[in-house]
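Notes follow the structure.
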Amino acid sequence: MTRSEDLRFRAGDVSLAGTLTAPEAGDGRLPWVLLVGSWLPRDRDGDWDRRRHRAWFAPAPATARPGLLARLADALAERGVASLRYDPRGCGESDGEWAETDLFTRIDDARDAVGAMRSRRELDLRRTAIVGHGEGAAVALSVAIGDPAIGAVGLVGAGARSWRELLRRGAAERERSGHDREHPIVAALDRASEELLERAARGEAVARLRVGVEPLDLRLAGWEQAIHTPALSLATMLHRSVVLAHARDDAWADADESRLLADVLREAGNDPVLRLLDAGGHDLAGADDAVIGDIADALVARMTVRELPPVLVAIEEMGSTSD
């Protein structure tokens, strides 16, 4: 049995909404995982954000599974691990605007999410992990590099190389396969990808994009940041346990991206686990519950106890004395 609590936390100048999912009962403090979604407008479950951006996405199929992050949260709870997932800025119930949020702000928001959970007395600060889906991989890697208390990292459908190359290859694959092109936002971005990349490289601040009949002013700072902050470079600075999972039919990042990340992580002294899946797509929507459970198992097995810096020891002790 699992329990869920909807909550809000402060992230810079906005308030973000999320869900803490945990086992119904447990002995002592629970290990926990922060779940970070992919780049396009998504809700906390990892599904397309049809609430705030209804016109940008085709209706969900009647047979659609819950979003990837919701499925991972349930699988982790079944294994005695809590998790937090949240609506990014401008999505779901969170404040802000998606089109104005750059990569570095998303990284700061994830750091604030970790900080907010460290006041929760039921969570074990010494057993913490972070999972990044798609472009969320760069967020997860950035947070883990700077936080010694995070002991394990999960990367699902991650890209390794520059955003410039990933978007070009992904747009070509989606044009060939038609995958996700039913969504107006995906079709619009793919059509304008070369122009947007060139304008971002020139340092332009904003580009106007037409999504269906709607004009969208897209800030390009995040594009420039993503071009110059590939996950491949971040992986060279990481020294943690890492689990990678990638569907071979991913239309956003080829499975070779995770192979490359795994190679770089090994060269940096890590021992990554790589799961290549025969099907599932970028969101692993076609993967059954056993596959999601296998990813959760691999991550949980690597959530070893970490030594905390003095400030977190003090926070932990304060929580213990107030029990």
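Values in this text are rule-based calculations from the coordinates and carry no lab data. Fair warning: this is a prediction, and the values are worked out from it, not measured in the lab. Please note: Cβ atoms are built from the backbone with ideal geometry, for glycine as well, and neighbour counts cover all protein chains shown.
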For V33, distant residues with modelled amide H under 5 Å away: A82, S83, L84, A129
Computed over the chain: relative contact order in percent, which uses C-alpha pairs under 8 Å that are six or more apart: 20 percent
Translational D in µm²/s for the range 193-236 (Stokes-Einstein at 25 °C, 0.890 mPa s, Kirkwood Rh from C-alpha pairs): 215 µm²/s
Burial ordering of V206, V143, fewest other beta-carbon atoms within 10 Å first: V206, V143
Over the range 144-210: Rg over Rh, Cα atoms, Kirkwood Rh: 1.10
Gap separating the Cα centres of the range 8-69 and the range 247-275, nearest whole Å: 24 Å
Neighbour-limited loop hits for GluC sites (Glu not before Pro), the range 143-236 (at most 15 other Cβ within 10 Å; DSSP other than H, G, I, E, B): E182, E204
Structure-derived semi-axes √(5λ) of the Cα gyration tensor in Å - corresponding label in [x] 31, 21, 20; [y] 34, 21, 19; [z] 40, 22, 20: [x]
Hz values of 3J(HN,Hα) by residue in the range 139-154 - Karplus curve (6.51, -1.76, 1.60), Gly and Pro given as x: 5, 4, 5, 4, 5, 5, 4, x, 10, x, 7, 7, x, 9, 10, x
Placed amide H near L244: partners under 5 Å, 5+ positions off or other chain: L155, V273, L274, R275
Contact order relative to length of the range 237-283, as percent, for alpha carbon pairs under 8 angstrom and 6 or more apart: 55 percent
Percent RCO, i.e. relative contact order, over the range 89-213, from Cα pairs under 8 Å lying at least 6 residues apart: 15 percent
Stokes-Einstein D for the range 237-291, Kirkwood Rh over Cα pairs, 4 °C, 1.567 mPa s (µm²/s): 111 µm²/s
Compactness relative to 2.2 N^0.38 Å, alpha carbon Rg of the range 1-61: 1.41
³J(HN,Hα) computed for each position of the range 275-289 - Karplus, 6.51 cos²θ - 1.76 cosθ + 1.60, integer Hz, glycine/proline x: 10, 9, 9, 5, 7, x, x, 4, 8, 6, 5, x, 7, 7, 5
The range 182-305: C-alpha gyration tensor shape, a/c 1.5 cut-off, then a/b vs b/c: oblate
Relative packing of 145-155, 83-93, which averages over residues the other C-beta atoms within 10 Å, highest first: 83-93, 145-155
Selected from A221, L277, S258, residue furthest toward positive end of dipole (the range 174-285; charges at beta carbon): A221
q = 0.17 Å⁻¹: log10 I(q)/I(0) that the Debye formula gives for the range 40-162, counting C-alpha atoms only: -0.96
Contour excess over end-to-end distance, with Cα ends at R266 and R210 and 0.36 nm allotted per residue: 15.9 nm
